[in-house]
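Engineer: One structure coming up, written as structure tokens, with questions to follow.
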Amino acid sequence: MDKSLGSRLLVLALALMPALASANVFGVDRREQAAADIDPLRWVGELYSENDEFQTGSAVLVGECHILSAYHSTFFRRDGNLNKPSGYVVSRFMLDPDPNKPGSFRRSTLARPVAWGEFSRWSLRGQSEDWALLQLDDCLGREVGYAQIAGAGEKARDGYGELLFAGYPQSRRGLGGVTFERGCHAWDYGPVFPIVGVDCAFEKGASGGPLLELIDGHWTVVGLASYRSNPVDEPLPAYMSKHRNVMVSSDAFSARVGQSLQVAQQLRPPQLAAEPVAPSLAGVAAKQ
């Protein structure tokens with residue numbers, strides 16, 4: 001392997017590792033804190049390693065009994081390595097932050113991966129597979145609802161509108177509630193399409209959090225927070241590809257996740273069927 005290629009691979013690997021720097025912020029930091037009691041914020045929770053006992057990322061409900069997160073958040077270990085992908089890797093999904101105890105949650109259940117991408121730190125194509133679907137022991141989505149996922153190929157065809165990001169970055173845990181940012185956008189993509197550069201602010205703990213777009217009146221997952229390139233501590237004056245924050249587009253996972261959810265639905269006993277919860281747009285009004 002030549003030295004220049006080896007250097008590029010090292011940079012890619014470091015980009016995916018948890019970094020101590022703040023989020024890459026472009027211009028003004030638009031992030032806010034809110035109680036997770038409205039759609040779509042109520043669907044976003046924290047992912048916690050049951051084995052290593054630390055937060056590995058964020059996740060979003062995409063079914064009554066399923067959540068979606070980043071592959072590297074699902075299989076991440078405290079020593080910085082990744083567990084071998086398996087349904088035996090157990091996480092805890094924590095939902096509904098306690099307004100009186102910042103960093104604490106009022107609901108939680110165990111989660112086990114049932115489908116995942118062919119992720120690799122060592123190639124761009126592998127980085128575009130940074131997603132995992134996990135099944136919950138307790139079907140919290142029956143109580144609070146869940147997000148839709150954009151159809152396969154839709155975003156490649158239609159592009160992206162105004163985005164909303166929600167998650168649990170570790171540096172903001174003491175502020176309480178869930179962190180969300182409205183009004184961010186996709187700017188560029190590549191070198192392989194499912195990797196998309198956005199100006200939403202990501203940092204440690206945000207990985208696996210959803211990028212949502214309001215489509216036909218429904219909050220729809222169009223991407224997952226994956227990593228930030230060349231993180232810096234100070235806000236940048238404007239969006240720069242060199243320092244972009246990266247999401248994995250829903251086009252990378254919507255078909256496979258949709259198939260898994262469909263199979264899970266077909267296997268459920270009829271008596272467990274529940275009426276879908278209609279989403280509400282109250283409380284997250286679009287910026288004028």
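Taken together, the values in this text are just the output of simple stated rules run on the coordinates, not laboratory data. Small disclaimer: the values here were computed from a predicted structure and weren't measured. Here Cβ is always computed from backbone atoms with ideal geometry, including for glycine, and neighbour counts include all displayed protein chains.
Engineer: Between residue 110 and residue 236, what is the label-point separation in nm under the 7 Å Cα-to-beta-carbon projection?
Structural biologist: 4.2
Engineer: Then there's this: Stick to the Cα atoms of the stretch 172-271, pair each with every other, and give me the Kirkwood hydrodynamic radius in Å at one decimal.
Structural biologist: Values: mean 1/r = 0.0648 Å⁻¹.
For the stretch 172-271, the Kirkwood estimate is 15.4 Å.
Engineer: If one computes P(r) from the Cα atoms of the stretch 103-222, what percent of pairs lie at distances over 21 Å?
Structural biologist: Percent of Cα pairs beyond 21 Å in the stretch 103-222: 48.
Engineer: Per residue of the chain, what 222 nm ellipticity follows from adding -39500 (n - 2.57) for every DSSP H run with n ≥ 4, rounded to the nearest 500? Before the final figure, lay out the partial values.
Structural biologist: Details: 6 runs with 45 residues, N = 288.
It comes out at -4000 deg cm²/dmol, rounded to the nearest 500.
Engineer: Still on this structure: Under the Kirkwood approximation for Rh and a Cα-based Rg, what ratio Rg/Rh is obtained for the stretch 46-172?
Structural biologist: Details: Rg = 15.0 Å, Rh = 15.5 Å.
Rounded to two decimals, Rg/Rh equals 0.97.
Engineer: For the chain, modelled as a GNM with alpha-carbon contacts under 10 angstrom, which of 44, 90, 60 fluctuates the most?
Structural biologist: 90
Engineer: Show me the ranking of peptides 112-120, 164-172 by mean Cβ neighbours inside 10 Å, starting with the highest.
Structural biologist: Per-residue mean Cβ counts within 10 Å order the peptides as 164-172, 112-120.
Engineer: Once you order the gyration tensor axes a ≥ b ≥ c over the Cα atoms, which shape class does the chain get: rounded for a/c under 1.5, otherwise prolate or oblate by comparing a/b with b/c? Intermediate values should be presented prior to the final figure.
Structural biologist: On the way: a/c = 1.37, a/b = 1.23, b/c = 1.11.
Rounded shape, in that the Cα axes give a/c under 1.5.
Engineer: If you don't mind, there's one more thing I want to ask. Quick one: which residues, 5+ away or cross-chain, put their amide H under 5 Å from the amide H of residue 108? H built at 1.01 Å from N.
Structural biologist: Residues meeting the criterion, in which the H sits 1.01 Å from N, are 95.
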